[in-house]
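The structure appears below as structure tokens.
The values are calculated or read from the model by the stated rules, or taken from the named source; none is laboratory data. Because the structure is predicted, anything quoted here is derived from the model rather than measured. Cβ: placed from backbone, ideal geometry, glycine included. Neighbour counts: every protein chain shown. The protein model used for the area step is the full one, side chains on, heavy atoms only, and it has no ligands, DNA or RNA in it. Shrake-Rupley method; radii C 1.70, N 1.55, O 1.52, S 1.80 Å.
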Amino acid sequence: MKVKFLKIKMLKIYKYIYYASFLQSRKVNAAPEITVYSYLCFIQTSNVITILNALLVLTKMNVNYDVRLFAAIGPIFFYFINYYYFSKKGNGKKIIKDQGYSLGKYSFLLDVFGFVSFMMVVATYYVYKEF
């Protein structure tokens with residue numbers, strides 16, 4: 001039950017990011033999805049690397065993996081997943097029509113989330129390698 005709750009909450013933040021980024025990108029791009037998918041895939045890759053590093057720190061496992069390779073392949077993988085989820089399944093149109101994903105003046109928090117996601121990769125990787 002808790003895993004399902006966590007899955008729903010994590011997906012919801014990506015839907016908020018999709019909504020805000022799409023509306024912002026639509027003003028300046030003819031194909032706003034490309035920019036939105038790119039932004040989402042880098043955030044998702046950062047989150048996965050952070051979780052992996054945190055698990056390795058908590059379990060005190062000494063696995064030597066190439067974070068640069070993961071950071072290069074992850075965005076490509078997530079780009080196709082986002083394309084499938086938001087475009088092919090039609091979830092992107094549903095999200096844009098739903099005004100409930102509008103954060104209004106608090107939409108800057110999504111940019112803060114993106115920045116913190118990247119900083120957490122750096123911090124957790126440093127902790128993993130040093131300790």
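Return yes or no: is Asn47 more than 16 Å from Lys129 (Cβ to Cβ), touching a residue at least 24 places away in the same chain (Cβ under 8 Å) and not β-branched (Val, Ile, Thr)? Yes.
Just one of the listed residues (Val48, Val63) is modelled with pLDDT of 95 or more and either of a type in the set (A, V, I, L, M) or assigned to a helix (DSSP H, G or I) (or both), and it is Val48. The condition of being more than 30 Å from Lys129 (Cα to Cα), of a type outside the set (D, E, K, R) and out of contact with any strand residue (DSSP E or B) (no Cβ under 7 Å at 6 or more places or on another chain) holds for only one of Phe22, Phe113, that being Phe22.
Have a look at Lys129, Lys105, Lys93 and point out the one that is exposed (fewer than 11 other Cβ atoms within 10 Å of the Cβ) and in a helix (DSSP H, G or I). From the options Lys129, Lys105, Lys93, the qualifying one is Lys105. The residues of the stretch 53-88 that are open to solvent by 40 Å² or more (accessible area, probe 1.4 Å) and within 19 Å of Leu11 (Cβ to Cβ), listed by number, are Phe77, Tyr79, Phe80, Ile81, Tyr83, Tyr84, Tyr85, Ser87, Lys88.
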